[in-house]
Amino acid sequence: MDLIVAVDENWGIGLGGTQTVVIPEDRKHFRALTEGGAIVVGRKTLEDFPGGRPLKNRLNIVLTHADGEFGPGAVTAHSAEEVLEIVRNRGLERVFVCGGESVYRLLLPWCRYAYVTKLYAAPEADRFFPNLDELEGWTLETPGEIKTCDGVRYAFHRYENLHKGSGQIC
């Protein structure tokens, strides 16, 4: 299991239930990595998707305390253990944790790689991702080339969890 996230200079990921800065190339990058696989999201993150619906061409695993249906292409899990069970039982090979903050923090130990879009800006944020530059066991494996969109500098980085070993979830 891996994760994908866009963070600002302070590792902020959102404000008021949505991303603070949207970069079209980041959306394309997200789509390219996650299409055809599975994503794990919290209920609030799902609500921020277009129309509040599961993303197409992916299995959407919604990690929530709430009961109910979340639309076609979605299954519900109520714990990290249930997420891992769904992944194992379905033989899923490409799984990306996609937020929000509590989902990232809960599943971070099971992730092998973190695909981080680093935004070189510091907008106001009320949700944060752990600073992988300071978190023991995580290393910047592949720094990305700095690009610019609408005056915002950004780069696609890949971090590796050195404690994860083979990346297996069993």
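The values are calculated or read from the model by the stated rules, or taken from the named source; none is laboratory data. From a predicted model like this one, the values you see are computed outputs, not experimental measurements. Here the Cβ is made from the backbone with ideal geometry for all residues, glycine too, and neighbour counts use every protein chain on show. Accessible surface is based on the protein model in full, side chains and every heavy atom, while ligands, DNA and RNA are left aside. Shrake-Rupley method; radii C 1.70, N 1.55, O 1.52, S 1.80 Å.
Within the set GLY36, GLY68, GLY99, the sole residue that is of a type in the set (Gly, Ala, Ser), more than 25 Å from ASP126 (Cβ to Cβ) and either assigned to a strand (DSSP E or B) or modelled with pLDDT of 95 or more (or both) turns out to be GLY36. Residue check: is LEU59 farther than 26 Å from PRO24 by Cα and touching a Leu at 6+ places or on another chain (Cβ under 9 Å)? It is false that LEU59 is farther than 26 Å from PRO24 by Cα and touching a Leu at 6+ places or on another chain (Cβ under 9 Å).
Please determine whether any residue of segment 74-91 is in a loop (DSSP other than H, G, I, E, B) and under 20 Å from HIS29 (Cβ atoms).
Just the residues of segment 74-91 that are in a loop (DSSP other than H, G, I, E, B), to begin with: 78-79, 91.
The next check asks that each one be under 20 Å from HIS29 (Cβ atoms); those that pass are none.
No, segment 74-91 contains no residue that is in a loop (DSSP other than H, G, I, E, B) and under 20 Å from HIS29 (Cβ atoms).
Just so you know, in segment 18-35 the residues that are of a type outside the set (A, V, I, L, M, F, W, C) and touching a Ser or Thr at 6+ places or on another chain (Cβ under 9 Å) include one that is most open to solvent (accessible area, probe 1.4 Å), and it is GLU25.
Using the structure shown, decide if GLU93 is surrounded by fewer than 13 Cβ atoms within 10 Å (Cβ to Cβ), farther than 18 Å from GLU9 by Cα and in contact (Cβ under 8 Å) with a residue 40 or more places away in the chain. So GLU93 fits the description; yes.
Those residues that are assigned to a strand (DSSP E or B) and closer than 18 Å to GLU145 by Cβ, I need them from segment 5-31; list them, please. Talk me through it step by step, then tell me what you get.
So in segment 5-31, the residues assigned to a strand (DSSP E or B) come out as 5-7, 12-15, 18.
Passing the criteria: ALA6, VAL7.
Among the residues making up segment 39-65, a single one is at positive phi, open to solvent by 40 Å² or more (accessible area, probe 1.4 Å) and in a helix (DSSP H, G or I): GLY51.
Scanning segment 102-148 for residues being of a type in the set (Val, Ile, Thr), under 19 Å from GLN19 (Cα atoms) and in a strand (DSSP E or B) gives a total of 3.
So which residues in segment 112-145 are without any contact (Cβ under 8 Å) to a residue 60 or more places away in the chain and surrounded by fewer than 18 Cβ atoms within 10 Å (Cβ to Cβ)? Across segment 112-145, the qualifying residues are ASP133, GLU134, LEU135, GLU136, GLY137, THR139, LEU140, GLU141, THR142, PRO143, GLY144, GLU145. With respect to LEU15, is the statement that it is surrounded by 12 or more Cβ atoms within 10 Å (Cβ to Cβ), within 23 Å of ARG94 (Cβ to Cβ) and not charged (D, E, K, R) true? Here the answer is no, as LEU15 does not meet what is asked.
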